[in-house]
Amino acid sequence: MPIGAVCGTSSGALVGALWAAGHDSEAIVALVAGLAPWRLLRPHLLPWQGLFAMSALQRFLRVHLPSDFASLRTPLAVGVVDAARRFQLLTTGDLPSAVAASCAMPYVFVPIQRAGLALADGGTSDRVGLAAWRDWRPQRQALVHQVLRTAGKDVVHDRTGTWWVQTPRSGASFLSLGDVQGQVNEADALAEPVVATVRASLH
């Protein structure tokens, strides 16, 4: 089934960027499973801006991602918010900093500076970002993956032209991401009938 573009916020931006860069699913599982979140935490000198800096995560991203959106194999958009909590999609420019911004939970992590704006996790305004997706990819159908229930804001969207896969909360924490392969297997089982429906609708 051809995929025309990928859009994600927070962990969805991280996994989506790795896939759009050409990493296959097994490689992504291995990379994510190997992440010990606490090893990426760096206390920030100005904790009122955020308790932890994103520098270690950005170094990881610069090893595994191209430097720019333009070098991706598949178009990608990552959801962020500015200081006023306005949601937007980043689709051009420096890729690692954009993904890091989409993972920067407010108050926990220091926002990422891009073009004079302090940007943070888009999920705090809209975990799915479907309206922004439709502005970016008008008249395109979408397969939406939503994790139930996690931090962030759930917005009621018009689901016309979309299919949804909803998976349980992962239980990941700063200490551990938990059983990543088990989570993937569970998501695969839940997604299989939905993907089969999508395939059938395209023929």
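At-a-glance table
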quantity: Residues (open to solvent by 10 Å² or more (accessible area, probe 1.4 Å) and β-branched (Val, Ile, Thr)) located in the stretch 91-141; calculated: Thr91, Thr92, Val108, Val110, Ile112, Thr124, Val128
quantity: Residue in the stretch 171-185 that is open to solvent by 80 Å² or more (accessible area, probe 1.4 Å), out of contact with any Phe, Trp or Tyr (no Cβ under 8 Å at 6 or more places or on another chain) and not in a helix (DSSP H, G or I) present; calculated: yes
quantity: Sole residue being in a loop (DSSP other than H, G, I, E, B) and either in contact (Cβ under 8 Å) with a residue 60 or more places away in the chain or of a type outside the set (Lys, Arg) (or both), chosen from Val128, Val144, Val198; calculated: Val128
quantity: Residue in the stretch 157-203 that is farthest from the chain's Cα centre (by Cα), counting only those that are over 30 Å from Asp135 (Cα atoms) and modelled with pLDDT of 85 or more; calculated: Ala189
quantity: Total residues in the stretch 11-53, condition on the phi > 0 side of the Ramachandran plot and at pLDDT 90 or above; calculated: 1
quantity: So Ala84, is it part of a helix (DSSP H, G or I), at pLDDT 90 or above and of a type in the set (A, V, I, L, M, F, W, C); calculated: no
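The values are calculated or read from the model by the stated rules, or taken from the named source; none is laboratory data. Owing to the predicted nature of the structure, the values given are computational and were not obtained by experimental measurement. When we count neighbours, we look across all protein chains shown, and the Cβ atoms used for this are built from the backbone with ideal geometry, even at glycine. Heavy atoms of the whole protein, side chains included, go into the accessibility calculation; ligands, DNA and RNA do not. Shrake-Rupley method; radii C 1.70, N 1.55, O 1.52, S 1.80 Å.
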